[in-house]
Every structure is written in C-alpha cells, then in structure tokens.
Amino acid sequence: MFEAFGRKKARALGFAGLPIVSIPHPITGIPLDTVHAHADEILESVAESLTQSPPPEDEG
Amino acid sequence: MKLASTRHEVAESPLELLEYVMERGWGDGLPVIPPTEERVAAMVEASGRPPEESRGRIPHLFGDATIEKIAVNAAMAGCEPEYMPVLVTAVDAIFDPIYNLPGVQGTTNCIAQLIVVHGPARGALGINCRENLFGQGWRANATIGRAFRFILQNIGGAKPGDTDRSTFGHQGKFSSCIGENEEASPWPPLHVERGLERSDSAVTVIAVDPHIMVNDAASTDGEGVLQSIASSMMQAGSNNALFGGEMVVVLGPEHVDMLVRDGWDPPRIRAFLYERGRVPTFLFAPANLERARGRRDDLMAQEDLQSVPVVDDVDSICLFVAGGLGKHSLVIPTFGNTHSVTRKMDFSFTD
C-alpha cells in the first residue's frame, strides 16, 4: 500500500535507488505471531539491502 | 517581474482547462482559474515578497514552497491577490514541528488542514466568521482553503489515492478556512491568548478530523451547555482518546452568551471540559485501551486507570468563538499527534 509512496519519497530525497523491502498491508490489528512471521520473511532481504553496494545512480 | 514557472499553452475553454489540470493531477475535480502570468505576478506583488523566496520544502515530496509557487496555486484556486499573506503565513505555520506535517500529509486518517484567521484581516479580506462559515457562499473562505489544499497537494506532493493515503478523505480537504467571531465574545480571541496583540492579524492552522455538532437548545445554564460539549468529546475510538494531543471546541455565540452570563471564562471552561470530557475506560475495546496506554506517557504510569483525558493537558483544548445564531457549538477532534500553530501575519490590514 505504501511502497509506491516510499519510492517517490526516496526519489524526492535524492535516493532513487534506495532498496525497499515490503510486507503486506496491514501491519496493525493482526496477531503478534503474524507480525513475527512477516519479520522472518523479510529478514534476509533486509540484511542483503543493508550490506549490498548502492545501485550506480546513487553513487556519489 | 521575472517568474520561473514553466508556461503551458491551454485552450481558453474552461472545460479543456479543467481536463488539462486534472490529467496532470493538479486539481481537486472542480473548475479552476487559469494561473496566467499576469494573475500570478499580481499575487506575488500582493505578498510583499520576491517570487523566488522559499518558505520551506513541504513533505512528502519536499517541493519548494516559493512565493511564486504559492501564488500559482492561489491563482488557480480563485483567490484575490490580497489573500496571499494568509496563505504565506499558513505555510510558515505548518513547518512548526509540533504540527507534525509529515504525519498528517500521508496518513490513512481523515485529516483536513483548518485555517482560522484572527484580527483585522478578517474584515479587510471578507472572511466569514458567522453564519455558515464552514459552508459555501464566501469567496475568501472558499478560495483560501482551496488554495492551501492545492499547495499541500501540488508543492508538497500529497496526491489523493497515491501519496495521500486517507481511507475516507475529509470534506474539508476541498476547502477549510474560517474567521474567529471575535465580536461575539468578551473574551480575548485565540491569537491574543497566545501572546499577540488584538490589533495583529494572525492565522492558526489545525490538523482536524471531521466535526461533531453539539445541539443543546434545552439547557438554561452554562454548565448544562458545557456538559453537552464534554459528552461530545468522549469518543473512545477517536485519535484524541488514543493519542491525546489537542482538541478544538468552537463555541457558538448563543452558547457563549449563556456562559458569559453565568460567569464562565476560557480557563474555567477548559478545566471543566478536561475533567468532564474524559472517556471512561469501560467504553474502550480492551486492545485499543492498551494501545492508548502504550502511546501515552500520562496513562502508562496509572495502574487503576478509570478514565482517559482526550487531550494532553488542560491547555490543549483549543477554544474559540465562531458561527452565527443558534444553540449550537462544535467539537472538532484532531489527528491527535499534532498541535495547532498560531502565527502573526507579517502584513497590516485595516478592518
């Protein structure tokens, strides 16, 4: 729901290639174990995003 | 005057202009006035500021709110040039961190930005403070509020259904601008309570939820009227119950007459409403009460919590007088995580 919004905001702030990892909406009003499951699902992607080099257009 | 904006060639037909504007996401669905070079220049000149002067970058997309860009949106909304100082002051006000502009711009909540104008500017600009002030029929109210929405949408980038993610929207997102009815009360107007002079013109900006009308034509004393207002503040599902913040109470002139007659003044009214407007905890869904307790420092420490105040503290009831005859007042909840901001207009008006 907010992914396109996040991409536009990143672009506006000069980070067009910012890696964005998403989970399904909503994140409120759901059981805690579902929240944990969503977190587990994206853990590797978040780690990859944090450790990979930024895309060329963002360098410098 | 040198203007920097891109020029667009558009047919003179109002329908073609509307289609052109809507295709580019600049409009609100209603016909617009062409922001011609001449019209924009007149707006800039009336602001008393140079066109390139920036008042700040508006989230989400951080467009630069220059005087010229404000003027283009004002022209498109149908403003008269002399309305520009209201818009520039309102733009300045929303950059105050207590307003929480990044939060209110993209939220799923139903938030409109309400502009309240105080002081001589109201008369000089023809801003309605009386009957039907939130409704149709007054150009200044209609077009200033509309221009402010255009500024947030076109400069700030809060596009409905895209970067503006409001679940329901809000009628006030078309336009929301009123004047305080200072003449209907012996009390100091809001801008004077907040440290300005009565002769100053000022703007207050508030991030509001939908309004709740209070109908009390039966009470014969001020306390009865206040009890009706307090009970209208008690909504367990409101942002204010969950997050505190500030709530707006607009007193109608007939209710004010009764309150003045019975010796009430704003500090006593706020104290009464703060205590009587608390939401009993049994009205909350249990999980929502826990959510409130987790977000509010004032509730977290209380073990035997019986009721929840709907604002941060007694001074967080934004109280002023407006409207016409009739035994009505308004309660206007807010985004919760926000406080209103009042700014003096850097411009002199003669009423």
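Residues in segment A:20-44 that are surrounded by 15 or more Cβ atoms within 10 Å (Cβ to Cβ) and within 14 Å of chain B (Cβ to nearest Cβ): how many?
Qualifying residue count, segment A:20-44: 0.
Which of the helices (runs of 4 or more DSSP H) contained wholly in segment B:200-319 include at least 2 residues that are within 25 Å of B:Tyr99 (Cβ to Cβ)?
Counting at least 2 such residues, we get B:222-233, B:239-243, B:266-276, B:286-295, B:297-300.
Only helices (runs of 4 or more DSSP H) wholly contained in segment B:36-94 count here; list those with 3 or more residues that are touching a helix residue (DSSP H, G or I) at 6+ places or on another chain (Cβ under 7 Å), more than 14 Å from chain A (Cβ to nearest Cβ) and over 19 Å from B:Gln113 (Cβ atoms).
B:37-47, B:67-77
Among the candidates B:Gly179, B:Gly106, which residue alone is surrounded by 20 or more Cβ atoms within 10 Å (Cβ to Cβ), at pLDDT below 95 and touching a Lys or Arg at 6+ places or on another chain (Cβ under 8 Å)?
B:Gly106
Quick grid of which residues meet (1) within 16 Å of B:Thr143 (Cβ to Cβ); (2) at pLDDT 95 or above; (3) of a type in the set (S, T, N, Q):
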position	(1), (2), (3)
B:Leu3	no, yes, no
B:Ala11	no, no, no
B:Glu23	no, yes, no
B:Val32	yes, yes, no
B:Pro51	no, yes, no
B:Asn73	yes, yes, yes
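Please enumerate the residues belonging to segment A:1-19 that are surrounded by fewer than 13 Cβ atoms within 10 Å (Cβ to Cβ), in a helix (DSSP H, G or I) and either more than 11 Å from every other protein chain (Cβ to nearest Cβ) or at pLDDT 90 or above (or both).
Selection gives A:Glu3 alone.
Only residues that are part of a loop (DSSP other than H, G, I, E, B) and of a type in the set (S, T, N, Q): list them for segment B:320-351, please.
B:Asn337, B:Thr338, B:Ser340, B:Ser348, B:Thr350
Pick out the one residue from B:Ala93, B:Ala121, B:Ala184, B:Ala147 that is under 30 Å from B:Leu259 (Cβ atoms) and crowded, with 23+ Cβ neighbours inside 10 Å.
Just a single option satisfies the conditions, and that option is B:Ala121.
Can you name every one of the helices (runs of 4 or more DSSP H) wholly within segment B:101-195 that holds 2 or more residues which are more than 14 Å from every other protein chain (Cβ to nearest Cβ) and in contact (Cβ under 8 Å) with a residue 24 or more places away in the chain?
In segment B:101-195, B:121-125, B:139-150, B:190-193 are the helices (runs of 4 or more DSSP H) which contain 2 or more residues that are more than 14 Å from every other protein chain (Cβ to nearest Cβ) and in contact (Cβ under 8 Å) with a residue 24 or more places away in the chain.
The values are calculated or read from the model by the stated rules, or taken from the named source; none is laboratory data. Worth saying up front: this structure is predicted, and the values here are computed from it rather than measured. Here Cβ is always computed from backbone atoms with ideal geometry, including for glycine, and neighbour counts include all displayed protein chains.
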